[in-house]
Each structure stands twice: as structure tokens, then as C-alpha cells.
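The values are calculated or read from the model by the stated rules, or taken from the named source; none is laboratory data. None of the values given here were measured: they were computed from a predicted structure. Here the Cβ is made from the backbone with ideal geometry for all residues, glycine too, and neighbour counts use every protein chain on show.
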Amino acid sequence: MPDNLSPYLFALSAGFVYTISALLAKRGLELGSGTFRSLVYSNWIMALFFIPYPMLAETSLGMEDLKAGGMIGILFFAAQSCCFIALRSGDASMVTPVMGSKSVFVALFLFILNLSPTPLGPTTWAAAILAAIAVALIGWPTQGTKPSLMGLGFALATAAGFGLVDALVPHFSHRSDPFNILFSMFATVGLLSFLLIPVSKGKFLAFRGRADRWMWASCFPMGAQAVLMSIAIGFHQVPTEANVFYSCRGLWAILFVAWLGKRIGLGEGNIPRATQIRRLLGACLLLAGIYLAPLGSS
């Protein structure tokens, strides 16, 4: 096992917190909080979490930080947009685990772009492949129903987009100060979110009752998980391994939907038992990947 477990623990915690945020956001979307409207507020709250970062940096914020962080921020913004569309189009207990395939995309982009400081070991690849197989099990449609192809498609697009982001973040953050890169990245996300206000349905500022209560409840854990994951990959060069741990959010999503789905009124709270078991089996494969992931960098 590696000497430093902190990036894996941060990623594991981020996956847990993300699942809470996704379920709350899904409930808000079902009640009419609005896809792009919810995305804007979520991005703004997330950006606020990173405002103190330049004050923690050892060097001043420079133009290169703004360029690199801005480029990654644009990619993150696109992936986050796909994420909310996926949640609106499909079950959270299907979409969230499918996003776990991000670990495969991270490994792929690191290999293609030659960004990894050390060659990826066979156990790391095995962990990423196990995560992909788990995603297939989890995303398989319930018997007698049609899969949400839009939800699946946007979930995979989200995974690919975030995979590229997570491959680039450690590369640029270790060429500069991680605090400056991450601040520039999320400041860009917050600024770009203003562009979505005109395409939001309904009055943007008007309070929408229960829908907005769920939406606001989802925003803060979304910001917290972004901070946790930024520490895991921005300050440690183990993006593939950290992402396999982050993929545990698929397991949390399935367990939370089975336990809390009906209690909070989620539409997917009545998923058949057989589907829940198959998704749980797929999620358990992620645990095998979680065990193998750090061995690849030991």
C-alpha cells in the first residue's frame, strides 16, 4: 500500500458527499427547479468555495495561472452542464454510477496526452476496467423498460469531460501553485454560468418553493465535494487512482436511493428489487477497483 493515503481518503469522501448532492438536486429538478437554473446556482456556490484559494498560495496569481485554469474551467463547465442534463434525463442511481467510468477516461487521457509522471501500472488499468464493467451492470435497463439513452449519453459525456479535466489538473497544478490553478478554474466556471441565465426556463430569481429548497440543499455539498476532489487530484499526482475511489459514489447512490428514495419523494424510489440488486453487484465491483487502485502507484 502507498505511504500517503490522504488523496484516496479525500476522493472517497468526495464521492460520498457528491451522492448526497446529486440526490437532492434530482429531487429539486423533479419538482421544477429548472435544469440550467439549478446548474447556475450550483456553479456559483461552488466557485465561492474557492475564493480563499489565492490567499493560501505561496506565489502571486499570474497570467499563466489564469490561462491554464481558464482552459480547464471551460472543460469543467461543459462537463458539469452535461451532468445536470443527465440527472434530469435519467435515474440518479443509474446516472451517478455511470459517471464512475471517469476513471477509465482519466487513464486514457493520461496515456494519450503523455501526462503521467510515471507509467500506469497494470493494477491501475485493472481497477479502471473493473469500474467500467461495474458501470455496464449498473446502467443496464430494468426488464420491460427502455433505457434513458439521453441520460446515459450525457452521463458518459460527463465522465469523459471530467476525465480530461482530472488528467489536466495535476499536470498544470504541479507546474505552478495548485491554489492559483484551482481558483482560476472555478472562477471561470462561475463566470461562464452567467451565460446560462437567458436559456433558463421561467423567472430566474423567483423563489420556487419546495423545488428551490431541495436545489439549495444540493448546492453546498456540491461545493464541498469539489474542494475535497480538488485536494485529491490538485495536490497529488494520482488522478486515475483517486478517481476509482471517487467512483464509490455509485455505491452510495444505489444505497441511498434504496434507503431514502421513497422518504424524500424521489420518482426512482420504486425501482424493482432485481434492478437494485444488479446495480449493487456492479457497485461492489467498484470496491475491487478501489482495493487495486493504490497498488498501481505503490
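Considering only the range 56-69, state which residues are surrounded by fewer than 23 Cβ atoms within 10 Å (Cβ to Cβ) and either within 19 Å of the chain's Cα centre (by Cα) or of a type in the set (Val, Ile, Thr) (or both).
Thr59
Taking Asp166 as the residue in question, decide whether it is in contact with a Pro (Cβ under 8 Å, 6 or more places away or on another chain) and among the charged types (D, E, K, R). I'd like the intermediate steps shown before the answer.
Values: in contact with a Pro (Cβ under 8 Å, 6 or more places away or on another chain): yes; among the charged types (D, E, K, R): yes.
Judged against the criteria, Asp166 is a match.
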Answer yes if at least one residue in the range 271-285 is closer than 23 Å to Gly121 by Cβ, among the aliphatic types (A, V, I, L, M) and at pLDDT below 70, and no otherwise. no
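Give Gly261, Gly265, Gly289 a once-over and let me know the one that is more than 28 Å from His171 (Cβ to Cβ), modelled with pLDDT under 80 and crowded, with 21+ Cβ neighbours inside 10 Å.
Details: Gly265 fails: crowded, with 21+ Cβ neighbours inside 10 Å; Gly289 fails: more than 28 Å from His171 (Cβ to Cβ).
Within the list Gly261, Gly265, Gly289, the selection yields Gly261.
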Under 6 Å by Cβ, and 6 or more places apart or on different chains, what pairs join a residue from the range 175-198 that is touching a residue at least 12 places away in the same chain (Cβ under 8 Å) with one that is charged (D, E, K, R)? Ser176/Asp65; Asp177/Glu58; Asn180/Asp65; Ile181/Asp65; Ser184/Asp65
Set Gly190, Gly234: member being among the small types (Gly, Ala, Ser) and either at pLDDT 95 or above or over 22 Å from the mean Cα position of the chain (by Cα) (or both): Gly190
So, in the range 26-55, how many residues would count as being surrounded by fewer than 16 Cβ atoms within 10 Å (Cβ to Cβ) and aromatic (Phe, Trp, Tyr)? 0
Can you name the condition, by its number, that Pro7 falls short on among (1) in contact with an Asp or Glu (Cβ under 9 Å, 6 or more places away or on another chain); (2) over 23 Å from Leu196 (Cβ atoms); (3) surrounded by fewer than 22 Cβ atoms within 10 Å (Cβ to Cβ)? (3)
For Thr145, the lone unmet condition from (1) surrounded by fewer than 23 Cβ atoms within 10 Å (Cβ to Cβ); (2) modelled with pLDDT of 90 or more; (3) β-branched (Val, Ile, Thr) is (2)
List every residue pair whose Cβ atoms lie under 7 Å apart, where the two residues are 6 or more positions apart in sequence or sit on different chains, the first residue falls within the range 44-66 and is closer than 11 Å to Phe183 by Cα, and the second residue, located anywhere, is part of a loop (DSSP other than H, G, I, E, B) and among the aliphatic types (A, V, I, L, M). Pro54/Leu61
Would you confirm whether any residue within the range 11-29 is modelled with pLDDT of 90 or more and touching a Gly at 6+ places or on another chain (Cβ under 6 Å)? no
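On the basis of being closer than 25 Å to Glu241 by Cα and over 18 Å from the mean Cα position of the chain (by Cα), does Tyr53 make the cut?
Numbers: closer than 25 Å to Glu241 by Cα: yes; over 18 Å from the mean Cα position of the chain (by Cα): yes.
So Tyr53 fits the description; yes.
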May I ask you to list the residues in the range 2-42 that are among the hydrophobic types (A, V, I, L, M, F, W, C) and in contact with a Pro (Cβ under 6 Å, 6 or more places away or on another chain)? Val17, Ile20
